[in-house]
Amino acid sequence: MKPLRHFFTLSLPLVLLSGTVLATPLNTMPLTSGKDLNGTPWSVPKGLPAERTLVLIGFDEPQQLAIDTWTQGLGLDQPTSTIPWVEMPLIENPGIFMRWFIDTGMRGGIKGRFQRSHVWTAYTDKKAFLQSCGITSESDIRVLVVDRAGKILQSESGPYTKEGAARLLKALRAPKSTDS
């Protein structure tokens, strides 16, 4: 009986941590990881493509239209774009089979490797993720500028606007502060 008790004592913390978001300060992108739609592993925030990255977060499939306004409005859908970005569908962790099913469906709808490499689906504890980011509603998409420490430097919601784009681009290009 002792080996079984030992197994559960060692395994319980791992089970409790799997698929959850570790505690992080508010307005901070929490630690999470996964694979892009090409199967390449990713991690946030340290594994973001640049010191400051644009992160487009959607919560439901119909919101893809609003995300597309940003990718088109900022030219992110063009391989020549110099803006570092990822699209992050945020989905409550449904288990391994449903992850495969969802990823397969998304891969079928996104034909090019370039576009698929930018889709980082976060299967996680949505409530904890949103709380950490300071996001209070899933009714609109969120477009964030996040640094590799996870700090959210700028946030916009809803479809593309020129004013929102200007604020995001300013945060992306701002010099790194010496107090962070």
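Read-outs: derived from the displayed coordinates by stated rules, not from any lab. On a predicted model such as this, the values are computed, not experimentally measured, just so you know. A quick note on method: Cβ atoms are made from the backbone with ideal geometry, for glycine too, and the neighbour counts reach across all protein chains shown.
Sorting F114, F129 from the fewest to the most surrounding beta carbons within 10 angstrom yields F114, F129. May I ask you to list the aspartates and glutamates whose Cα is less than 12 Å away from that of K176, ignoring any residue fewer than eight positions away on the same chain? Those aspartates and glutamates meeting the cut-off are E51, D147.
Within the straight-line cut-off of under 17 Å between alpha carbons, the aspartates and glutamates reachable from K127 are D60, E92, E138, D140, sequence neighbours fewer than 8 places apart in one chain being disregarded.
May I ask you to sort E163, E156, E87, E138 by Cβ crowding, counting other Cβ atoms within 10 Å and putting the fewest first? Mind showing how you got there, number by number?
Details: E163 8, E156 22, E87 25, E138 15.
Placing the least packed residue first, the sequence is E163, E138, E156, E87.
Straight-line cross-link reach from K170 at under 23 Å between alpha-carbon atoms covers these lysines, not counting any fewer than eight positions away in the same chain: K46, K151, K162.
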